[in-house]
Amino acid sequence: SDVYKRQVSTQSTGLGSVTSAHRMEAGEELGWHSSEEEAPAGLERTPTELMNAEGYSEQVRESFDLVSPPSMEELLGLKEQFHLMDANKDGLVSEQEFMTATAVLDPPLSKMLFQVCDKDGSGSVNFTEFLRLHLVSASGSLESRLDMAFELMDQDKDGQVAKEDVIDFLESIGSPGDHATSVDELRESGSTVSLLLDRIHEGFQRNDNEAFLDKQSFLQVMACGEVEALMGQQDAPTQQVWIGHPDFAKVIRIMLGIRMSLVDPNKQTHLIPHGQQASKVTKFITCAPASFAAIRESRGLTVDRLLDSLGLGQLMSSLMVGSVRTLTTHNSTGKSGSVFYQTFDSRFILKEIFSKEMVVLRSMISLLANYFSDNPCSLIVPLVAFFRMDNMRLVLMCNALGLPLHFADELYDMKGSEYRRQAPEGARLQLDLDFLQSGKKLSIGASARAQVLEQLARDTDFLASHGLYDYSILLAVVDKSQITLRHGSALSPLSILPSTNSNQVYLMGLVDCLTKFDKTREAEGALVGIANMLHPEIEITQIEPCEYAARMVRFMDEKVLA
């Protein structure tokens, strides 16, 4: 549930792209002349006044040909990222500063991105150009994104792209340092990549001169429903990690490491090159690969599906349509200080865990693998991989909902308790008391109800038998029309339940299942027991695992399911 608390509080920010040259002049009229601004503090003066001016966001939308206008938070965040890249604080990002900020990438790709960003060919990037780079890929029109994609491949700016240019572009994106990747290998990395490569190949076939593809032919073959649907998957408000973001190098290395570990599962330690800094490497360690592979197999989760969401193939495919898909970052505002990353398609979440959780996971991973194999309908959200990089421990798990949070009409985190379980007014994520006060119950039919309670009892008994507690049921109420977008085949068939009396669907899963009831918790539990005796009308949360499990099942039986 911690993951989802962070997600619902995250503000929108930009990605990375650029629009066509004929919009450059309009962008210069927006008042974003970075050489006149010394630091982010400058935003409190003229730029902020511009952003706060009536209709300013709409002016930005029209100038950059965006589908939706940017928010104030987005603009401020991008200005801060630009300032971080501007090492000498002259209000411009030079080619060297840009290459330094993108050092994790191979030099050819960094060079391509700089040339596209430097629209006026001045040899440096001003804030207007940087702003366009991010905003167009975040919410640009189909035409503006495809313009950017064509410009990435048309490096000599002659208005046409040779087959060799396309191959060089694709291999620049797909080659992590000295780990060269062919176009054929990239084609095999996911269905999205295959679709886009097929579209470009069709463009060459349609063109009279098969050796070249002009912009009009490129736009004709790419401006189709299938490609537009792929671009539309990232419309949810996110904090996408891209050029200028402090986590950019880290996220690219994570993506490279995951790709390398999945492609070569027999090798547990991989060395990730630092792109342009060839002498530097990062160790990326895959933990308990056999056990996690067994979990993935039990849920029908293939390596190709993981790579389609997490590997560089999806980064490549997004650049091919003028967008950027890395990972979205969600920094915890709680005492744990955890970091969460989510894939662009909302299928998976990477959660940073700490030493206590790691000890629990290591002691239980083989047991979890056996449990998932024996219980294909388990409501416990599957943990499908575990990695270590530098001082980070990252668990890869399925998204309990399998779709972006903004698709949910209602969202609840429930622990089966009424003690202090009410969300602040206006909070997106509601708690137990909020659900009870709504006066509703979930109507799913007698058969489904019995199956859910039986499986929940089995799952909570398993967790209690290993001393685990303090987990939650994450529940989302979603309109049935949204379910066609859900990638939920790796989740339990009981995690998606149609309502029997409305057009709604209920999505649920058990999350945050790695908290051990230790001696400290036992002492706290004794104090809570006294409080429960004084206030028997309220069940306070801090109770031992078997009681916690029984309370969770009882709460669902008596107060949640009709």
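The values are calculated or read from the model by the stated rules, or taken from the named source; none is laboratory data. All values derive from a computational prediction rather than experimental measurement. Note that each Cβ is placed from the backbone with ideal geometry, even for glycine, and that neighbours are counted across all protein chains shown. When the accessible area is computed, the model is the full protein with side chains, heavy atoms only, and any ligands, DNA or RNA have been set aside. Shrake-Rupley method; radii C 1.70, N 1.55, O 1.52, S 1.80 Å.
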So VAL359 clears everything in (1) open to solvent by 40 Å² or more (accessible area, probe 1.4 Å); (2) over 30 Å from LEU271 (Cβ atoms); (3) part of a helix (DSSP H, G or I); (4) not polar (S, T, N, Q) except one condition, right? Which one? (2)
Scan segment 119-164 for residues that are closer than 22 Å to PRO70 by Cβ and small (Gly, Ala, Ser) and jot them down. SER137, ALA138, SER139, GLY140, SER141, SER144, ALA149
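Regarding segment 377-385, can at least one residue be identified that is among the hydrophobic types (A, V, I, L, M, F, W, C), over 13 Å from CYS398 (Cβ atoms), in contact (Cβ under 8 Å) with a residue 60 or more places away in the chain and out of contact with any strand residue (DSSP E or B) (no Cβ under 8 Å at 6 or more places or on another chain)? First the steps, then the outcome.
The initial filter retains those residues of segment 377-385 that are among the hydrophobic types (A, V, I, L, M, F, W, C), namely 377, 379-381, 383-385.
When the remaining residues are screened for being over 13 Å from CYS398 (Cβ atoms), the result is 377.
From the residues that got through so far, the ones that are in contact (Cβ under 8 Å) with a residue 60 or more places away in the chain too are 377.
From what's left, out of contact with any strand residue (DSSP E or B) (no Cβ under 8 Å at 6 or more places or on another chain): 377.
The answer is yes; a qualifying residue exists.
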Answer yes or no: is there a residue in segment 391-400 that is within 27 Å of ARG554 (Cβ to Cβ) and not in a strand (DSSP E or B). yes
Can you tell me which residue within segment 285-303, out of those that are of a type in the set (Ser, Thr, Tyr) and within 23 Å of the chain's Cα centre (by Cα), is nearest to TYR371 (Cα to Cα)? THR302
Going by the structure shown, is ALA149 part of a helix (DSSP H, G or I), open to solvent by 10 Å² or more (accessible area, probe 1.4 Å) and closer than 25 Å to GLN216 by Cα? no
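Take SER346 and tell me if it is farther than 18 Å from PHE386 by Cα, open to solvent by less than 10 Å² (accessible area, probe 1.4 Å) and modelled with pLDDT of 80 or more. Quick ask: steps written out before the conclusion?
Numbers: farther than 18 Å from PHE386 by Cα: yes; open to solvent by less than 10 Å² (accessible area, probe 1.4 Å): yes; modelled with pLDDT of 80 or more: yes.
It is true that SER346 is farther than 18 Å from PHE386 by Cα, open to solvent by less than 10 Å² (accessible area, probe 1.4 Å) and modelled with pLDDT of 80 or more.
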Looking at this structure, is LEU379 at pLDDT 95 or above and among the hydrophobic types (A, V, I, L, M, F, W, C)? yes
Scanning segment 421-450 for residues that are modelled with pLDDT of 90 or more, more than 12 Å from LEU475 (Cβ to Cβ) and small (Gly, Ala, Ser) gives ALA423, GLY439, SER443, GLY445, ALA446, SER447, ALA448, ALA450
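Among the residues of segment 243-286 satisfying the criterion of being of a type in the set (Gly, Ala, Ser) and either open to solvent by 60 Å² or more (accessible area, probe 1.4 Å) or assigned to a strand (DSSP E or B) (or both), which is modelled with the lowest pLDDT? Please lay out each step first, then the result.
Filtering segment 243-286 for residues of a type in the set (Gly, Ala, Ser) gives 244, 249, 257, 261, 275, 278-279.
Narrowing further to those that are either open to solvent by 60 Å² or more (accessible area, probe 1.4 Å) or assigned to a strand (DSSP E or B) (or both): 278-279.
Values: ALA278: 55, SER279: 62.
The qualifying residue modelled with the lowest pLDDT is ALA278.
Could you tell me which of the residues ASP413, ASP470, ASP461 is within 16 Å of MET552 (Cβ to Cβ) and either open to solvent by 50 Å² or more (accessible area, probe 1.4 Å) or in contact with a Cys (Cβ under 6 Å, 6 or more places away or on another chain) (or both)? Quick ask: steps written out before the conclusion?
On the way: ASP413 fails: either open to solvent by 50 Å² or more (accessible area, probe 1.4 Å) or in contact with a Cys (Cβ under 6 Å, 6 or more places away or on another chain) (or both); ASP470 fails: either open to solvent by 50 Å² or more (accessible area, probe 1.4 Å) or in contact with a Cys (Cβ under 6 Å, 6 or more places away or on another chain) (or both).
So the residue among ASP413, ASP470, ASP461 that is within 16 Å of MET552 (Cβ to Cβ) and either open to solvent by 50 Å² or more (accessible area, probe 1.4 Å) or in contact with a Cys (Cβ under 6 Å, 6 or more places away or on another chain) (or both) is ASP461.
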